[in-house]
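Q: First, the structure itself, so that you have it in front of you.
Nothing in this text is a laboratory measurement; each read-out follows from the coordinates by a stated rule. Owing to the predicted nature of the structure, the values given are computational and were not obtained by experimental measurement. Every residue, glycine among them, receives a Cβ derived from its backbone with ideal geometry; neighbour counts consider all protein chains shown.
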2 protein chains.
Amino acid sequence: MNGQLRDGRVEIGGNARQQFYDARGYGTPMGGNAIRVSRVEAAHLLFRGDLDSVDGEDDRLDFQAFFLDSASAVDRFALQFLVYAELRDRGFYLSPAREGWPGDDGSEWTDLTVYPRGTKPGDGEPAHRIVVRGERTSIPASDLKGVTLAVVDEESEITYLETGTPEFDGATSYGPPDSLVGSLIDDRVVVWDAPEGFYEHGFYGQPLTAREAIVDNAVQLSLVEAAGLAAEGHLSLSDENRPAVEAIRDRGRAVEGERFDRRLAVYRALRDRQVVPKTGYKFGADFRTYNTVESVDELPHSECLVRVVGPDHEFNPRELSLDVRLAGGVRKRMVFALTGANGTVEWLTVSRLTP
Amino acid sequence: MNGQLRDGRVEIGGNARQQFYDARGYGTPMGGNAIRVSRVEAAHLLFRGDLDSVDGEDDRLDFQAFFLDSASAVDRFALQFLVYAELRDRGFYLSPAREGWPGDDGSEWTDLTVYPRGTKPGDGEPAHRIVVRGERTSIPASDLKGVTLAVVDEESEITYLETGTPEFDGATSYGPPDSLVGSLIDDRVVVWDAPEGFYEHGFYGQPLTAREAIVDNAVQLSLVEAAGLAAEGHLSLSDENRPAVEAIRDRGRAVEGERFDRRLAVYRALRDRQVVPKTGYKFGADFRTYNTVESVDELPHSECLVRVVGPDHEFNPRELSLDVRLAGGVRKRMVFALTGANGTVEWLTVSRLTP
């Protein structure tokens, strides 16, 4: 069977409607038995041998020639073809997210609409709205919401990522006392005489202790922990005339820049939800989080890794892959906290998906 | 017992030589039974209660007062104390890497010299030369060689990293033919008619195929694979008048900038060693490597993750932690390829260490 390239789409006559549209969900009907398919669909029909050739402006094109012609005519054609072919291979029906095709949501950046297995284009809600990107293209956070991202890496392997909103079911009930006094030492704060439970139940800081030591209730706080406590009125500083929160925040800004303010906003937002944020340093993240700490001796598995980014953050797919892979490997959810300079936080989970 | 602070060191009389130097490796002898200890050592003796106080210029200082005084006098004092105390707790003898102390190697950036368990300062070779850094300080690659890095994170937990030189025992014997022809399509190259073994034994590229497809010997190459093959004279491009290597390299530079040249240099250096580099995208790295590929059907575990950086790269400890943690989690060595603009490559492994 043969198709005709016209205005960037391929028209197929014969019994195409029955064979390709009705039976397998390619294209849109044109009237009679003819259908119109996108270049990606046409390339796939050629790839499978269902279509023998496509007549272009001057030539009759086989799969290879049509593929090359399309790659020069359509942005990201090869990437879209690879994703389309893989999803077809996995048993899905899917259609280009373009005007006139079923499931088109009018979104500028969606590339493919995938239907649940066993259903055809237009029957019910799509299973995935796919955005196809090469690994070298950075992706604004706002483009990630509500879509499935298919990243094609440099060797043409595809990774699917989906986004969502995390649930923080915090139930850590410890409340710190209002009378803590600390010393600001470089980029940490030492509370020399911490009350019982401060570390054990609140999971604040880290004890300064050792096998044999005369000091047994000193707790070292990170700057972000200390600033959080000071902002809530729980902590003051010895040898410091200014309010503790100012002195600590200034130190934080001196060592981290404006990132400190964003991290503090996220830290406080999590503590507000009764979630315990601790450093995510070992995982290369800002925080790891515990929904419910009753005692440090019986610490639960931490549920999330949190990375703090700006509200207009653009994800580099390779860095995103690293974060999501690491989080998956340690059975945690990867959460991005999109944090404005004014302290508003929007939460976004990103996880791998096998369609 | 009591010490006297003098010129930034603490002198201890009484039977200090016997009690602290001979028996436990603190300080250096001064003549008679007196010894001189560093501020870090003195703080540790106070911390343990072995020393009751230190006489400063005006005051008699207890542990807390001496700690605060030292933190304002000595760069990174709190960090050095934390590492010193933890290593003592783990049963090591160690001394400040300073002139007059045993094991001093004259290095400006080493902080502590650690002796093998059961041996005292000055007896034989050190087990570790420790550089102490906070997680917020970036670390030039050149400072990492031959030392153990102790990174103190914001919550005062310590991670030890050691560096080394990787061994690439490459034994992949496949040699590609000289007659490959490909099409340059965006940021990849398709060889439409790849010879048998090219993918299966050479592990070049990725087949363009599917369950039902008329195409069964097309292989997609990444730009770096294609440029490597073109540079060795194995690959030419159809529809291209310039030498293939130029056209592919220009495309690589267009999508990746000068990083492409560095990645290509590393790719070629690995293939030269009969090691197969494949994309490390899923691990957020540049490459994963296989020493010996006989057949893709029986692919061995890949041994290393490689990240390509400049020769003067400065490591951000948090990013380094992420890389090393991920590599450890997937049982691979993390390798940094310090690559100059002229293509010279210096290799550096970084791994976690429990002293």
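Q: Counting Lys and Arg as +1 and Asp and Glu as -1, each charge on the Cβ, what is the dipole of the stretch A:1-74 about the Cα centre in debye, to the nearest 20?
A: Computed charge dipole of the stretch A:1-74: roughly 340 debye.
Q: If you restrict to DSSP beta bridges whose two residues both lie in the protein assembly as shown, what percentage is antiparallel, to the nearest 5?
A: That works out to approximately 75 percent antiparallel.
Q: Shifting gears a bit: For a quick check of your reading of the filter: which GluC sites (Glu not before Pro) in the stretch A:218-288 sit in a DSSP loop and have no more than 11 other Cβ atoms within 10 Å?
A: Passing both the DSSP loop test and the Cβ count: A:GLU258.
Q: For n ≥ 4 DSSP H runs only, could you compute -39500 (n - 2.57) per run for chain B, divide by its residues and tell me the 222 nm figure to the nearest 500?
A: Per the formula, -7000 deg cm²/dmol.
Q: Rounded to the nearest 5, what % of DSSP beta bridges with both residues in the stretch B:98-156 are antiparallel?
A: 40 percent
Q: Where the only charges are on Cβ atoms (+1 Lys, Arg; -1 Asp, Glu), what is the dipole of chain B about its Cα centre, to the nearest 20 debye?
A: For this selection, approximately 480 debye.
Q: Using Cβ counts within 10 Å as a stand-in for footprinting exposure, how do A:ASP239, A:ASP169 rank, fewest first?
A: Starting with the residue having the fewest Cβ neighbours, the order is A:ASP239, A:ASP169.
Q: Considering every residue in B:40-46, what mean count of other chain Cβ atoms within 10 Å of its Cβ is obtained?
A: Mean partner-chain Cβ count within 10 Å for B:40-46: 1.
Q: Take the alpha carbon atoms of the stretch B:83-132, find their center, do the same for the stretch A:290-316, and report the distance between the two centers in whole angstrom.
A: Taking the Cα centre of each part, the stretch B:83-132 and the stretch A:290-316 sit 36 Å apart.
Q: Using a label point 7 Å beyond Cα on the Cα-Cβ vector, give me the inter-copy distances for B:SER72 in nanometres, one decimal, shortest first.
A: 7.4
Q: Dipole of the stretch A:236-282, Cα-centred, from +1 at each Lys and Arg C-beta and -1 at each Asp and Glu C-beta, to the nearest 20 debye?
A: The dipole of the stretch A:236-282 has a size of about 360 debye.
Q: Between the helical axis of B:317-329 and the dominant principal axis of chain B, each derived from Cα atoms, what acute angle in degrees is found, rounded to the nearest 10?
A: Its long axis makes an angle of about 60 degrees.
Q: Using the alpha-carbon centroid of each, what span in Å lies between the stretch A:222-268 and the stretch A:1-79?
A: Result: 62 Å between the Cα centres.
Q: For chain B, take the longest principal axis of its alpha carbons; what is the angle in degrees between that and the long axis of helix B:244-256, to the nearest 10 within 0 to 90?
A: 50 degrees
Q: Which of A:THR28, A:LEU68, A:LEU5 sits farthest toward the positive end of the charge dipole of the stretch A:1-74, with +1 on the Cβ of Lys and Arg and -1 on the Cβ of Asp and Glu?
A: Comparing the listed Cα positions along the dipole, A:THR28 ranks first.
Q: Going by C-beta contacts inside 10 Å, put A:ARG60, B:ARG262, B:ARG24, A:ARG251 in order with the fewest on the left.
A: A:ARG60, B:ARG24, A:ARG251, B:ARG262
Q: Which trypsin sites (Lys or Arg not before Pro) in the stretch B:289-331 pass both tests, a DSSP loop state and at most 15 other beta-carbon atoms within 10 Å?
A: Qualifying residues, ordered by number: B:ARG331.
Q: Moving on to the next point. Quick one: if you stick a label point 7 Å off each Cα along the C-beta vector at B:GLN64 and A:ALA23, how many nm between them?
A: 8.5 nm
Q: Over all residues in B:178-187, what is the mean tally of Cβ atoms on other chains that come within 10 Å of each residue's Cβ?
A: Per-residue shielding by partner chains comes out at 3.
Q: Assuming 0.36 nm per residue, please report the length gained on full extension of the stretch B:VAL255 to B:ASN33 beyond their Cα-Cα distance.
A: Extra length from B:VAL255 to B:ASN33 when fully extended: 73.0 nm.
Q: Quick check on the stretch B:1-103: take the gyration tensor over C-alpha atoms, sort the square-rooted eigenvalues as a ≥ b ≥ c, and tell me if it's rounded (a/c under 1.5), prolate or oblate.
A: Cα axes put the stretch B:1-103 in the rounded bin.
Q: Shortest first, in nm, what separates the label point of A:VAL330 from those of the same position in the other copies (7 Å along Cα→Cβ)?
A: Result for A:VAL330, in nm, nearest copy first: 1.6.
Q: If you restrict to DSSP beta bridges whose two residues both lie in chain A, what percentage is antiparallel, to the nearest 5?
A: Counting only bridges with both partners in chain A, antiparallel ones make up about 75 percent.
Q: Please report B:SER236, A:SER295, A:SER302, A:SER222 as a ranked list, fewest other C-beta atoms within 10 angstrom at the top and most at the bottom.
A: If I rank by nearby Cβ atoms, fewest first, I get A:SER295, B:SER236, A:SER302, A:SER222.
Q: With point charges of +1 on the Cβ of Lys and Arg and -1 on the Cβ of Asp and Glu, referenced to the Cα centre of the protein assembly as shown, which listed residue (A:LEU112, B:ILE248, B:PHE77) lies farthest in the positive direction of the dipole?
A: Result: A:LEU112, furthest along the dipole toward the positive end.
Q: Quote the relative contact order of chain A in percent (integer), defining contacts as alpha-carbon pairs under 8 Å separated by 6+ residues.
A: Contact order relative to length: 12 percent.
Q: Relative to the longest principal axis of chain A, what angle (0 to 90°, nearest 10) does the C-alpha long axis of helix A:63-73 take?
A: The angle comes out near 60 degrees.
Q: Let me ask you something else. When only C-alpha pairs under 8 Å and at least 6 residues apart count, what is the relative contact order of the stretch B:112-225, in percent?
A: 15 percent
Q: What span do the alpha-carbon atoms of the stretch B:103-155 cover on each of the three principal axes, reported in whole Å from largest to smallest?
A: Dimensions of the stretch B:103-155 along the principal axes of its Cα atoms: 35, 25, 13 Å.
Q: Label the stretch B:171-288 by shape, choosing from rounded, prolate and oblate, from the square roots a ≥ b ≥ c of the eigenvalues of the Cα gyration tensor; if a/c is under 1.5 it is rounded, and otherwise prolate applies when a/b is larger than b/c, oblate when it is not.
A: Taking the square roots of the gyration eigenvalues as a ≥ b ≥ c, the stretch B:171-288 is rounded.
Q: Suppose R0 equals 51 Å. What FRET efficiency, 1/(1 + (r/R0)^6) with r the Cβ-Cβ distance, do A:VAL181 and A:GLU108 give to the nearest 0.05?
A: After rounding, the FRET efficiency stands at 0.35.
Q: Indicate the gyration tensor shape class of chain A (rounded, prolate or oblate), computed on the Cα atoms with a ≥ b ≥ c the square roots of the eigenvalues: a/c under 1.5 is rounded; otherwise a/b larger than b/c is prolate and the rest oblate.
A: Prolate shape, in that a/c is at least 1.5 and a/b is the bigger ratio.
Q: Please report the orientation-averaged projected area of the protein assembly as shown, defined via the convex hull of its C-alpha atoms, in nm².
A: Its Cα hull, projected and averaged over all orientations, spans 35.2 nm².
Q: Just to be sure I follow: if Rg is taken over the C-alpha atoms of the stretch B:174-234 and Rh is the Kirkwood radius over the same atoms, what is Rg/Rh?
A: The Rg/Rh ratio comes out at 0.94.
Q: Just the number: Rg to Rh for the stretch A:117-247, Cα atoms, Kirkwood Rh, two decimals.
A: Across the stretch A:117-247, the Cα-based Rg/Rh ratio is 1.27.
Q: How much FRET efficiency would the formula 1/(1 + (r/R0)^6) give for A:ASN2 and B:SER142, where r is the Cβ-Cβ distance and R0 is 51 Å, rounded to 0.05?
A: 0.20
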